[in-house]
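Visitor: One structure follows; several queries about it will come next.
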Amino acid sequence: MSLLQTVVRVVVSSGLLSCPLLAATDPIYKAMREAGLADSLVVENIVLKRDAGILTLKTGAIAFTSPALGRDTVAVFVGEGEFTFIPQSPVDRNYLISLTGLEAVSETFDRALFCFTDDTAKDIRSSARTPSTDPHLADALRDFRKHLRSRTEAPRSMLEAMLNGDAMDNIEADLLTDLYNPHAPGFFSAYFHGRKHSDLRFHVRPRGAFPEMTTPEEVALIDLDPAQPQEGVWYLSHLQTEWQKHTASSDENNRIVQADQYKIETTIAKNDHFTATTTIDFHAVTDGDRVIKLALLPNLRVTRVTSAGQEIAFIQEDKKEDGSFYVVMPEAMAKGSKHEVSIEYAGDKLVRKEGGGNFSVEARESWYPNVNTFRDHARYDLTFKVPKQYTLVGVGTLAKVWTEKDFACTQWISDVPIAVAGFNYGLFKSKKITDPQSGFVIEGYAATEIPDSLAAVRDKPGVGVMSPSNMMDLPMGEAENAMRIYSAWFGKSEFTRIAITQQPQFDFGQSWPTLVYLPLFAYLDATQRYSLLNHISASLTDFVDEVTPHEVSHQWWGHMVGWSTYHDQWLSEGFATFSAGLYLQLTEKTPDKYLRYWQNARQRLLEKNAFGRRSNDAGPLWLGLRLESARNEEAYESTVYGKGGYVLHMLRRMMYDQKEGDEPFIDMMHDFVSEYMNKNASTEDFEKVAEKHMRPNLDLAGTGKLDWFFSEWVYGTAVPRYKFEYTVTEAEGGKWELKGTVTQSEVTPQFVMPVPIFADFDGQVLRLGTVTMRGNSSSGDIKVLLPKKPKRVMLNYWHDVLEAL
């Protein structure tokens, strides 16, 4: 029977001692990896047009490596060339200007490497026929290979971490993916050594030009130049033909396979050595593919792959090189066909002792081989065996507990599909409470001692006993309150438990399905934090107040509802920022913390840094991860988290009804969660749900849509400035008359926003009404008769509109 009609089982075995750097290599891949130059040609004024990019090889020589499966796939050029590129969308054009000061790219280069499965070889060979003997071609090929095959252990920028880090591409494996599939449309990649930019990369890849960014967009232009002001993803968009045909969409599915279920069996030894077996059930999304890339930490080494009892090929280069992991199936997979892959692997540096029974759990997204990280919602069955003195906490529901010799064993099963699996690990004390209102279980896990990094602080006088487990009740209580609030506002959680766990890291939290990692700071009191920092930090106090509700909300935003592409990650992080603010509003006795929360988000977004740039200047919210650069290092967090939260906050304030209160907004959020439960939502998806719930007062464009709002705040960068001038004078009958004018400035002529006006009556703040402002203009005279004299009258008391500082 054909393997296309059967379930395929792949087994990968680990060697714990001296495993080879590369085992069971596909012979075609091996030949491509070692291929030398086959023939060289003189080039003169050869023009290659690829999407919006134009490459002109003016003078010089080009050489092709030995063909693979009868096809040219790699060529190296030395000489004089020019690359020009004009961004196709206003957003990308403005972003290029913000990084480089230019509206278009024109780069002269003296060397280039071309990797392709399209008609590039045919285009070049049809115009270049004279043999060349240029001695520099072999050196250029060697230099490019060394550069593109070297993994960076300590990335200097987020972009370098993505391109040259743990998930870096193996170019030959990517070429093999297309070569083995006759249906593949073909791709083109160029790596330029330019006069101005020494590592400029241009990709036209129908399967996705930048998979590390989680996007189906096919065209990318990237300047990799760590710590330099122009480094960034200059362009990342859809094909010109898709824009012309109006078929460009974030919903494009360019996955080769989609995971349905994972079964993972893991052992952590006394010396922290990590061994595991992962079995993946998946189905093929495309027709004819054989090569599958999986995310796996390069330190975790794979040594053997078998399918249906037969050894098959896989690819994993040395961990210091392009050590990403690929499996090569023995036959082409038919679209929709189901397969099962089992992988055994082992390595170190996945869990690291920090002292005091604390462990850092590293590679939380790649501790097991997986496909389409965060994109596929799959079932998980996890078994862990760890030294019996330690506790391991996993995602899902604890199904079984037992012991084997010196190991404590647990099995965790996800009751619903989830996007990622993980665990925390340590010498933990634990507690458990059950919320009487919902029956939801909140578990707490924390070490009794602090990590060794705090040893010097531990013995300071007046600090007291620094034991994280003594502080467990506080974050557990916060989690219980957060779950109640979010269940009411967003809909009931599909999970039945949540584990609030302490990690030794200080300055960040993280949330996996049913599992929250909280920073050590959340388990220290104010006196202990003061002793650690030698000063009182208001920002740290705010962080500790906000981190638990923020991370708990990710059970909804990121897990129950995923995000479609990097453009849409604000639907996770921005919504979590909003949720933490909502928590502060509903749990604090006064609105002071809540108001300060939004003021801080506003300041982080709009204050200028040492380069004179605001985070908001980096580009619109829609650009997501691309916003971070050397001159705007905080732009991603300030925009995706802060402005993303502000967008939802503003929508809530606009939807607020004097009679119904927040019910229209709550109904919308319930609808959004219900519609996209265990799915990945895009910005466009959320806009459609919001439009279903909009009232006539929000139809400011007269189209029945919220395009005006999303264009301004998600796809735009304008931030309005407001000036409010008013007088309050005594009127007849003991009443008071308010007269005023609102002026809006620093926006485009099309910018429109409803601006609420509030009055403070002896500490009671009431909304008087709303004035709709369009463009750079002033309102007409505003007149309101008030029952008594207000203490003050103001705009945007609740930070209803994000306004300029």
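Visitor: Write out, first by first residue and then by second, each pair whose Cβ atoms fall under 7 Å of each other, whose residues are 6+ apart or on separate chains, and whose first residue, in the stretch 256-272, is over 14 Å from H339 (Cβ atoms) while the second is assigned to a loop (DSSP other than H, G, I, E, B) and of a type in the set (D, E).
Guide: D272/D348
Visitor: For the condition among the polar types (S, T, N, Q), part of a helix (DSSP H, G or I) and either in contact (Cβ under 8 Å) with a residue 24 or more places away in the chain or closer than 22 Å to F423 by Cα (or both), what is the one hit in S493, S469?
Guide: Values: S493 fails: part of a helix (DSSP H, G or I).
Just one listed residue meets the conditions, S469.
Visitor: Take residues that are out of contact with any Lys or Arg (no Cβ under 7 Å at 6 or more places or on another chain) and of a type in the set (A, V, I, L, M) and tell me which of the strands (runs of 3 or more DSSP E) falling wholly in the stretch 723-805 contain 3 or more.
Guide: Per the criteria, 752-761, 764-774, 792-795.
Yes or no, residue by residue, for (1) within 20 Å of W556 (Cα to Cα); (2) in contact with a strand residue (DSSP E or B) (Cβ under 7 Å, 6 or more places away or on another chain):
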| residue | (1), (2) |
| --- | --- |
| L623 | no, no |
| R626 | no, yes |
| R631 | no, no |
| G642 | yes, no |
| V647 | yes, no |
| Y656 | no, no |
| F665 | yes, no |
| M669 | yes, no |
| S674 | yes, no |
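Visitor: Something else: What number goes with the only condition from (1) without any contact (Cβ under 8 Å) to a residue 24 or more places away in the chain; (2) crowded, with 21+ Cβ neighbours inside 10 Å that A154 does not pass?
Guide: So A154 meets the others, but not (2).
Visitor: Checking the structure you have, find out if any residue of the stretch 380-394 is among the charged types (D, E, K, R), under 31 Å from the mean Cα position of the chain (by Cα), farther than 22 Å from Q510 by Cα and surrounded by fewer than 16 Cβ atoms within 10 Å (Cβ to Cβ).
Guide: Looking through the stretch 380-394, none of the residues is among the charged types (D, E, K, R), under 31 Å from the mean Cα position of the chain (by Cα), farther than 22 Å from Q510 by Cα and surrounded by fewer than 16 Cβ atoms within 10 Å (Cβ to Cβ).
Visitor: Follow-up question, since we're still on this one. Which number in (1) at pLDDT below 95; (2) surrounded by 21 or more Cβ atoms within 10 Å (Cβ to Cβ) marks the one condition that E478 misses?
Guide: Against the list (1) at pLDDT below 95; (2) surrounded by 21 or more Cβ atoms within 10 Å (Cβ to Cβ), E478 comes up short only on (1).
Visitor: Quick one: which residue in L785, L700, L805, L706 is surrounded by fewer than 13 Cβ atoms within 10 Å (Cβ to Cβ), in contact with a helix residue (DSSP H, G or I) (Cβ under 6 Å, 6 or more places away or on another chain) and modelled with pLDDT of 95 or more?
Guide: The conditions single out L805.
Visitor: So, one more: Could you list, in sequence order, the residues of the stretch 337-360 that are among the β-branched types (V, I, T) and touching a Phe, Trp or Tyr at 6+ places or on another chain (Cβ under 6 Å)?
Guide: V351
Visitor: Can you name the condition, by its number, that Q658 falls short on among (1) modelled with pLDDT of 95 or more; (2) open to solvent by 10 Å² or more (accessible area, probe 1.4 Å)?
Guide: All conditions are met except number (1).
Visitor: Continuing with the same structure: T133 passes all but one of (1) surrounded by fewer than 17 Cβ atoms within 10 Å (Cβ to Cβ); (2) touching a residue at least 60 places away in the same chain (Cβ under 8 Å); (3) of a type in the set (S, T, N, Q); (4) closer than 30 Å to A363 by Cβ; which number fails?
Guide: With (1) surrounded by fewer than 17 Cβ atoms within 10 Å (Cβ to Cβ); (2) touching a residue at least 60 places away in the same chain (Cβ under 8 Å); (3) of a type in the set (S, T, N, Q); (4) closer than 30 Å to A363 by Cβ applied to T133, the lone miss is (4).
Visitor: Restricting the first residue to the stretch 26-53 and requiring it to be farther than 16 Å from E82 by Cα and free of Cβ contacts under 8 Å to residues at least 40 places away in the same chain, which pairs with a second residue that is surrounded by 20 or more Cβ atoms within 10 Å (Cβ to Cβ) and polar (S, T, N, Q) meet a Cβ separation below 7 Å and a spacing of at least six or different chains?
Guide: Pairs that qualify, where the first residue is farther than 16 Å from E82 by Cα and free of Cβ contacts under 8 Å to residues at least 40 places away in the same chain and the partner is surrounded by 20 or more Cβ atoms within 10 Å (Cβ to Cβ) and polar (S, T, N, Q), are A35/T65; A38/T65.
Visitor: I'd like to check something: does the stretch 540-561 contain any residue that is at positive phi and not in a helix (DSSP H, G or I)?
Guide: yes
Visitor: Strands (runs of 3 or more DSSP E) wholly in the stretch 242-321 with at least 2 residues that are touching a strand residue (DSSP E or B) at 6+ places or on another chain (Cβ under 6 Å) and buried (at least 17 other Cβ atoms within 10 Å of the Cβ) - which ones?
Guide: Those strands (runs of 3 or more DSSP E) span 257-268, 274-284, 289-294, 304-307.
Visitor: Of the conditions (1) at pLDDT 95 or above; (2) in a loop (DSSP other than H, G, I, E, B); (3) open to solvent by 20 Å² or more (accessible area, probe 1.4 Å), P504 satisfies every one except a single condition; which number is it?
Guide: Status for P504: all satisfied but (3).
Visitor: Moving to a separate point now. Identify the single condition in (1) surrounded by 14 or more Cβ atoms within 10 Å (Cβ to Cβ); (2) over 26 Å from L176 (Cα atoms); (3) under 28 Å from the mean Cα position of the chain (by Cα) that I46 does not satisfy, given that it satisfies every other one.
Guide: Every listed condition holds for I46 apart from (3).
Visitor: Could you please find all residues in the stretch 716-739 being open to solvent by less than 50 Å² (accessible area, probe 1.4 Å) and either under 24 Å from G642 (Cα atoms) or under 45 Å from the mean Cα position of the chain (by Cα) (or both)?
Guide: Result: G716, A718, V719, P720, Y722, F724.
Visitor: Let me ask something else about it. Quick one: would you say E494 is crowded, with 19+ Cβ neighbours inside 10 Å, closer than 30 Å to D381 by Cβ and not hydrophobic (A, V, I, L, M, F, W, C)?
Guide: So E494 does not fit the description; no.
Visitor: Sort through A167, A190, A140 and tell me the only one that's small (G, A, S), under 23 Å from M32 (Cα atoms) and in contact with an Asp or Glu (Cβ under 6 Å, 6 or more places away or on another chain).
Guide: Answer to the selection: A167.
Visitor: Still on this structure, I have one more. With of a type in the set (D, E, K, R) and either closer than 16 Å to P229 by Cβ or in contact with a Lys or Arg (Cβ under 9 Å, 6 or more places away or on another chain) (or both) as the only criterion, which of R631, R653 stands out?
Guide: Sole residue among the options that is of a type in the set (D, E, K, R) and either closer than 16 Å to P229 by Cβ or in contact with a Lys or Arg (Cβ under 9 Å, 6 or more places away or on another chain) (or both): R631.
Visitor: Any idea which residue in the stretch 85-109 is most open to solvent (accessible area, probe 1.4 Å), counting only those that are in contact with a Gly (Cβ under 7 Å, 6 or more places away or on another chain) and more than 20 Å from W622 (Cα to Cα)?
Guide: T108
Visitor: Also, quick follow-up: Hey, which of the strands (runs of 3 or more DSSP E) in the stretch 104-216, taking only ones fully inside, have at least 3 residues that are in contact with a helix residue (DSSP H, G or I) (Cβ under 7 Å, 6 or more places away or on another chain)?
Guide: Values: elements: 105-116, 188-194, 200-204.
It comes to 105-116.
Visitor: Given the criterion surrounded by fewer than 21 Cβ atoms within 10 Å (Cβ to Cβ) and at pLDDT 95 or above, identify the matching residue among D223, D199.
Guide: Matching residue, one of D223, D199: D199.
Visitor: Can you pull out every residue in the stretch 751-763 that is at pLDDT 95 or above and either open to solvent by 60 Å² or more (accessible area, probe 1.4 Å) or closer than 29 Å to N616 by Cα (or both)?
Guide: Across the stretch 751-763, the qualifying residues are F751, V752, M753, P754, V755, P756, I757, F758.
The values are calculated or read from the model by the stated rules, or taken from the named source; none is laboratory data. On a predicted model such as this, the values are computed, not experimentally measured, just so you know. No Cβ is skipped: glycine too gets one built from the backbone with ideal geometry, and neighbour counts run over all protein chains shown. Only protein heavy atoms, including side chains, enter the accessible area calculation; ligands, DNA and RNA are left aside. Shrake-Rupley method; radii C 1.70, N 1.55, O 1.52, S 1.80 Å.
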